[in-house]
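The values are calculated or read from the model by the stated rules, or taken from the named source; none is laboratory data. Bear in mind the structure is a predicted one, so any value in this text is a computation, not a measurement. Don't worry about glycine lacking a Cβ; one is built from the backbone with ideal geometry, like all the others, and counts go over all protein chains shown.
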Amino acid sequence: MISLAHERASRRGVEADFRVADIREPLPFEDAQFDIVFTATALHYVDDIAAFMKEAACVMKPGARLVASVLHPMSTAQFPLAESEQVEVPDPWEGWYFGSPLRSIETPWLGFGAVSTEGRRIFCHHHTLCDYFSALKSASLSITDMLEPAPSAEFALKNASRYDQAIRVPVFLIFKAEKIT
């Protein structure tokens, strides 16, 4: 992904410094260094969401913004509990919103080309809306906007069965927050 980011930035004439870090660990940056922190569909791999939010707030300048897209809690609530043998996503109304946060899912990319089936199941963490809100609040980050994007009509044409599921249970949640000064 870093190579792809370099290639795209170069093609657009954008000078950027790309780094790899584990968001479950302290970030390798100085305090109050960034105007914006962005994360895309990665926070469900972080078990201690409050620790991540505090670390993100640490590297943000006063007034800086956090933009995060996450798998919607209604979506991750459907993922099988980690200790179960189930691999298929249950009926949308048979998930577990409360309870064990550790979930497992079948890797979604197995149907895309020559991908090994080793490690078919990956583990992630289900966070409720309240978990996200509490983590932001404890890090002195104030929510400024929240979106639950509906699937587009074009998506219905490309994958009708997936669209039918996504129109009933939201897939993504996007929130914006600002560091309180």
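Look through region 47-91, keep the residues that are surrounded by fewer than 17 Cβ atoms within 10 Å (Cβ to Cβ) and among the polar types (S, T, N, Q), and return whichever of them is modelled with the lowest pLDDT.
In this case the residue turns out to be 86.
Condition first: surrounded by 12 or more Cβ atoms within 10 Å (Cβ to Cβ), in contact with a helix residue (DSSP H, G or I) (Cβ under 9 Å, 6 or more places away or on another chain) and either in a loop (DSSP other than H, G, I, E, B) or of a type in the set (Ser, Thr, Tyr) (or both). Now tell me which residues in region 27-46 satisfy that.
Matches in region 27-46: 27, 29, 32, 33, 39, 46.
Residue by residue through region 40-78, note down the ones that are basic (Lys, Arg) and under 15 Å from residue 134 (Cα atoms). Before the answer, list the steps.
Looking only at region 40-78, we keep the residues that are basic (Lys, Arg), and these are 54, 61, 65.
Within region 40-78, 54 is the sole residue that qualifies.
Can you tell me which residue among 172, 123, 133 is of a type in the set (A, V, I, L, M, F, W, C), surrounded by 13 or more Cβ atoms within 10 Å (Cβ to Cβ), modelled with pLDDT under 90 and closer than 30 Å to residue 58 by Cα? Quick ask: steps written out before the conclusion?
On the way: 172 fails: modelled with pLDDT under 90; 133 fails: modelled with pLDDT under 90.
When all the criteria are applied, what remains is 123.
Could you please let me know if residue 38 is out of contact with any Lys or Arg (no Cβ under 7 Å at 6 or more places or on another chain) and more than 22 Å from residue 173 (Cα to Cα)? Write out each step before concluding.
Working: out of contact with any Lys or Arg (no Cβ under 7 Å at 6 or more places or on another chain): yes; more than 22 Å from residue 173 (Cα to Cα): no.
It is false that residue 38 is out of contact with any Lys or Arg (no Cβ under 7 Å at 6 or more places or on another chain) and more than 22 Å from residue 173 (Cα to Cα).
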